[in-house]
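Trainee: Have a look at the structure that comes next, please.
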Amino acid sequence: MNMEKKKRILTGDRPTGNLHLGHYIGSLQNRVRLQDEYDTFIIVADVQALTTNFDRPEKLSQDVMNVALDNLSVGIDPEKATIFIQSYIPEIAELTVYYGMLVTVNTLRHNPTVKTEMQQYGYRDVTYGFLGYPVSQAADITFCKADLVPVGEDQLPHLELTRKIVRRFNDLYSPVLVEPQALLSNVPRLVGIDGNSKMGKSLGNGIYLNDEAKVVKEKIFSAVTDPNRIKITDKGNPQVCTVFAYHNSFNSEEASNIQEMCRAGSIGCVACKKSLTSALEKMLEPIRERRKYFEEKPEMVNEIIRIGTERARSVAVETMAEIRAAMRIDYTCIDSGRK
Ligand code: TRP
């Protein structure tokens, strides 16, 4: 019998709306592939979502369910993966406070992802919670001693911070924590249908995993193409065309052929968009079907989340005891019964 313990992965999303094709190729697809080989933890990071949605609490519970459904519908198997809700693991909050002692404010201020997001949200000043969310993310990753964190490039600064905190903690107290590695998906970032360099939830330029076929088609047909190509016989430049970027990501079999025809002016944008739409549908249809299956069984989804959260919690309780012992905050005058 193979007694070797599986390595653990932690990854996840903020529940701030449905997930889109950019999430799919950037991380979900990878997640599904990895769940067979790794003990996979998937965090629904609702506390992190509060950093930008603290004034809209009514949005959150719907989005928590949506993100869980998105994961299940792309093929995350609850028998293999542990889906859990961040706010239900109080040890993450506790760890965040302790880690807060090991990170300076300047380090947080220089985090490039945080800076970009501040600009994107138009924040001139920033809350303590927002500035500190990478510290909380370090707690997400380390409470379960994750070995690997599959993420997109924008998350790398957070992972570097996590690794720094782990090294500092282990040096200062005792080697309790595991230093995680990033597992970068090597796909290029997906552009939005408006040609913006990023498909983003808050940019309104996404194709969502739960968009109906009709909506997907409309979005593809409204997507920006090579602006210099006016007549069908004009020679196109696929390098600047959103639709071609999607062919590359979702229609790899035909992409090079389409590229040649576009350059030669022998395929029009309409035919090109039609071919993309059918390639996308081939991929999206099974995802929609699985979504429907789970949507019709909300009790089952609740159970999946409940069991996942319970499992994550028991792991957190164990790690927390080790951490408190390492930090000597397990005082004998009071700790006899603490778990
Ligand atoms: N920051 C991630 C995002 O914006 C979500 C997230 C929260 C996460 N905690 C995590 C990702 C831990 C990887 C590991 O999508």
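The values are calculated or read from the model by the stated rules, or taken from the named source; none is laboratory data. Just so it is clear, the structure is predicted and the values come from calculations on it, not from any experiment. Note that we place each Cβ from the backbone using ideal geometry, even for glycine, and neighbour counts take in every protein chain shown. When the accessible area is computed, the model is the full protein with side chains, heavy atoms only, and any ligands, DNA or RNA have been set aside. Shrake-Rupley method; radii C 1.70, N 1.55, O 1.52, S 1.80 Å.
Trainee: Since residue 33 meets every condition but one in (1) over 17 Å from residue 154 (Cβ atoms); (2) outside any strand (DSSP E or B); (3) touching a strand residue (DSSP E or B) at 6+ places or on another chain (Cβ under 9 Å), which condition does it not meet?
Mentor: Going through (1) over 17 Å from residue 154 (Cβ atoms); (2) outside any strand (DSSP E or B); (3) touching a strand residue (DSSP E or B) at 6+ places or on another chain (Cβ under 9 Å) one by one, residue 33 breaks only (3).
Trainee: While we're here: Need at least 1 residues that are farther than 21 Å from residue 318 by Cα and without any contact (Cβ under 8 Å) to a residue 12 or more places away in the chain per element, so show me which helices (runs of 4 or more DSSP H) inside the stretch 59-175 make the cut, counting only ones lying wholly within it.
Mentor: Working: elements: 90-99, 105-109, 112-121, 128-131, 133-142, 156-172.
Here the list reads 105-109, 112-121, 128-131, 156-172.
Trainee: Output the residue which, of all residues in the stretch 111-120 that are away from the ligand (no atom under 13 Å from the Cβ) and either of a type in the set (A, V, I, L, M, F, W, C) or open to solvent by 90 Å² or more (accessible area, probe 1.4 Å) (or both), is farthest from residue 161 (Cα to Cα). Outline the logic, then answer.
Mentor: At the first step, the residues of the stretch 111-120 found to be away from the ligand (no atom under 13 Å from the Cβ) are 112, 115, 118-119.
Still in the running and either of a type in the set (A, V, I, L, M, F, W, C) or open to solvent by 90 Å² or more (accessible area, probe 1.4 Å) (or both): 115, 118-119.
On the way: 115: 15, 118: 18, 119: 21 Å.
Out of the qualifying residues, it is 119.
Trainee: Quick one: in the stretch 121-171, which of the residues that are touching a strand residue (DSSP E or B) at 6+ places or on another chain (Cβ under 6 Å) and among the acidic types (Asp, Glu) is least open to solvent (accessible area, probe 1.4 Å)?
Mentor: If we take residues in the stretch 121-171 being touching a strand residue (DSSP E or B) at 6+ places or on another chain (Cβ under 6 Å) and among the acidic types (Asp, Glu), then 140 is least open to solvent (accessible area, probe 1.4 Å).
Yes/no matrix, rows are residues, columns are (1) modelled with pLDDT under 95; (2) more than 22 Å from residue 277 (Cβ to Cβ):
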| position | (1), (2) |
| --- | --- |
| 180 | no, yes |
| 197 | yes, yes |
| 202 | yes, yes |
| 219 | no, no |
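Trainee: Let me ask something else. Taking residue 203 as meeting all but one of (1) closer than 22 Å to residue 261 by Cα; (2) outside the structural domain of residue 280 (by TED's automatic domain parsing); (3) free of Cβ contacts under 8 Å to residues at least 24 places away in the same chain, write down the number of the exception.
Mentor: Residue 203 satisfies all of (1) closer than 22 Å to residue 261 by Cα; (2) outside the structural domain of residue 280 (by TED's automatic domain parsing); (3) free of Cβ contacts under 8 Å to residues at least 24 places away in the same chain except (1).
Trainee: Quick check on the stretch 227-241. Is at least one of its residues under 30 Å from residue 120 (Cβ atoms) and open to solvent by less than 30 Å² (accessible area, probe 1.4 Å)?
Mentor: yes
Trainee: Hey, among the residues in the stretch 177-194 that are closer than 22 Å to residue 104 by Cα and of a type outside the set (D, E, K, R), which one's farthest from the chain's Cα centre (by Cα)?
Mentor: Residues of the stretch 177-194 closer than 22 Å to residue 104 by Cα: 177-180.
So of that shortlist, the ones also of a type outside the set (D, E, K, R) come out as 177-178, 180.
Details: 177: 23, 178: 21, 180: 17 Å.
Per the criteria, the residue is 177.
Trainee: In the stretch 278-333, which residues are of a type in the set (Lys, Arg) and open to solvent by less than 50 Å² (accessible area, probe 1.4 Å)?
Mentor: If the condition is that a residue be of a type in the set (Lys, Arg) and open to solvent by less than 50 Å² (accessible area, probe 1.4 Å), then 288, 291, 324 are the ones that fit.
Trainee: Just checking, which of 326, 316 is in contact (Cβ under 8 Å) with a residue 60 or more places away in the chain, touching a Ser or Thr at 6+ places or on another chain (Cβ under 9 Å) and not assigned by TED's automatic domain parsing to the domain that holds residue 245?
Mentor: 326
Trainee: In addition: With the condition kept exactly as written, say whether any residue in the stretch 1-17 is assigned to a helix (DSSP H, G or I), under 23 Å from residue 158 (Cβ atoms) and out of contact with any Pro (no Cβ under 9 Å at 6 or more places or on another chain).
Mentor: No.
Trainee: For the stretch 145-165, name all the residues that are more than 10 Å from the ligand (Cβ to nearest atom) and in contact with a helix residue (DSSP H, G or I) (Cβ under 7 Å, 6 or more places away or on another chain).
Mentor: Hits for the stretch 145-165 are 145, 157, 161, 165.
Trainee: Of all residues in the stretch 40-58, how many are touching a residue at least 24 places away in the same chain (Cβ under 8 Å) and away from the ligand (no atom under 15 Å from the Cβ)?
Mentor: The qualifying residues number 1.
Trainee: Name the one entry in 21, 108, 95, 10 that is buried (at least 17 other Cβ atoms within 10 Å of the Cβ) and within 25 Å of residue 302 (Cβ to Cβ).
Mentor: The match here is 10.
Trainee: Hey, another quick one. Within the stretch 185-201, is even one residue outside any loop (DSSP other than H, G, I, E, B) and within 14 Å of the ligand (Cβ to nearest atom)?
Mentor: Here is the first cut: in the stretch 185-201, the residues outside any loop (DSSP other than H, G, I, E, B) are 201.
Checking the rest, the ones that are also within 14 Å of the ligand (Cβ to nearest atom) come to 201.
Yes, that holds for at least one residue.
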